[in-house]
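Please treat every number below as a calculation from the coordinates, not as lab data. What you see is a predicted model, and the numbers here were worked out from it, not measured in a lab. Cβ sites come from the backbone with ideal geometry, for glycine too, and all protein chains shown count toward neighbours.
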Amino acid sequence: MKKWVVANWKMNGSLQLLQDYQQAFGNSENLIVCPPTVYLNQSTMLTLGAQNINEHPKGAFTGEISASMLADVGIKYCLVGHSERRQHFGEANDLVREKAELCLGNSITPIICIGETLEQYQAGKTLEILRTQLKECLPDSKDLWVAYEPVWAIGTGLTPTTEEILSTHAFLREKLSTVTLLYGGSVNENNAESILGIPNVDGVLVGGACLDIDKIQLIYQTSASAN
Ligand code: 13P
């Protein structure tokens, strides 16, 4: 099975970057690009995903975007519960689950992000935290994806060791036998090959490195040869 690359632009990028992606990746398989919402309707050559939705189906929530609107413009994937949403916008596990349910109800695959903080990692609580997050964030469905992103690895240049990712993903696989499992957190063109080679890592969720078209191309090339 070919491995996945999911590019999360966060609040970065431009139309120009979208055009660069189209040139580099037009109609490529197993690549999902998650630009800011305003760009979601701007490409038919790329598989685009959203970074967030509102937890209500519709209504008086000025400035928000609903799952049905994403579905309306052909979006098939949406990140849910990214740690930056949890950290800056106070999203808790039950809200993450509500959003994931709305995605599923609109035929959008939620990519549910979970992961422990540095403090929890240092206290050896990673699996305990993940167990709770899985229990509280995941709807009862096989049509979702899970991205394991240790909070301390995001944007820091730090990653868990290969053995740590191996054992964490084995733990996740045991609970989620058929679910696509991504790893995210400081994935770059130098470490992508070894991370994508880890059993039960079905793909990577890339932040910073995906803003550089050369780097994301290198990561994508790696994914094409990993299995
Ligand atoms: P970085 O790749 O910049 O660490 O970000 C990871 C991430 O948060 C992807 O969702």
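Would you please classify the overall shape of the chain from the alpha carbon gyration tensor, given that a ≥ b ≥ c denote the square roots of the eigenvalues, rounded means a/c under 1.5, and beyond that prolate means a/b larger than b/c while oblate covers the rest?
oblate
Report the FRET efficiency, 1/(1 + (r/R0)^6), for Asn27 and Asp212, where r is their Cβ-Cβ distance and R0 is 25 Å, rounded to 0.05.
Details: r = 21 Å, r/R0 = 0.86.
With a Förster radius of 25 Å, E is 0.70.
What distance in nm separates the simple spin-label points at Asn190 and Val38, each placed 7 Å from Cα in the Cβ direction?
The modelled label-to-label distance comes out at 3.4 nm.
Distance in nm between label sites at Ser107 and Leu158, each 7 Å beyond Cα in the beta-carbon direction?
My value for the distance between the label points is 4.4 nm.
Per DSSP H run of at least 4 residues, take -39500 (n - 2.57); add these up for the chain, divide by its residues and hand me the 222 nm value, nearest 500 deg cm²/dmol.
About -11000 deg cm²/dmol.
To the nearest 0.05, how large is the calculated FRET efficiency for Ala60 and Phe89 if R₀ is 22 Å and r is the Cβ-Cβ distance? Don't skip to the answer; put the middle values down first.
Values: r = 19 Å, r/R0 = 0.85.
Efficiency at R0 = 22 Å is approximately 0.70.
Please work out the Cα center distance from segment 90-167 to segment 171-203, rounded to the nearest Å.
The distance from the Cα centre of segment 90-167 to that of segment 171-203 comes to 13 Å.
Counting other beta carbons within 10 Å of each residue's own, what order do Asp202, Asp140, Asp94 fall into, fewest first?
Asp140, Asp94, Asp202
Considering only the chain, what is the antiparallel percent among its DSSP beta bridges, to the nearest 5?
The antiparallel fraction comes to roughly 0 percent.
Sticking to Cα atoms, compute the Rg of segment 141-198 to one decimal and its Dmax as the biggest Cα-Cα distance, whole number, in Å.
Calculated on Cα positions, Rg and Dmax stand at 11.6, 35 Å.
Suppose every Lys and Arg Cβ carries +1 and every Asp and Glu Cβ carries -1, with no other charges. What dipole size does segment 128-195 come out with about its Cα centre, to the nearest 20 debye?
The calculation lands at about 200 debye.
Using Cβ contacts closer than 10 Å as the measure, can you line up Val5, Val38, Val201 from fewest to most?
Listing Val5, Val38, Val201 from fewest to most nearby Cβ atoms yields Val38, Val201, Val5.
To make sure I understand, if each residue's beta carbon is the centre and we count other beta carbons within 10 Å, what order do His88, His169 fall in, fewest to most?
Listing His88, His169 from fewest to most nearby Cβ atoms yields His88, His169.
Taking R0 as 30 Å, what's the FRET efficiency between Glu174 and Lys2 from their Cβ-Cβ distance, rounded to 0.05?
On the way: r = 23 Å, r/R0 = 0.77.
Approximately 0.80, to the nearest 0.05.
Under a Cβ-only charge scheme (Lys and Arg +1, Asp and Glu -1), can you give me the dipole magnitude of the chain about the Cα centre, in debye to the nearest 20?
The dipole magnitude comes to about 260 debye.
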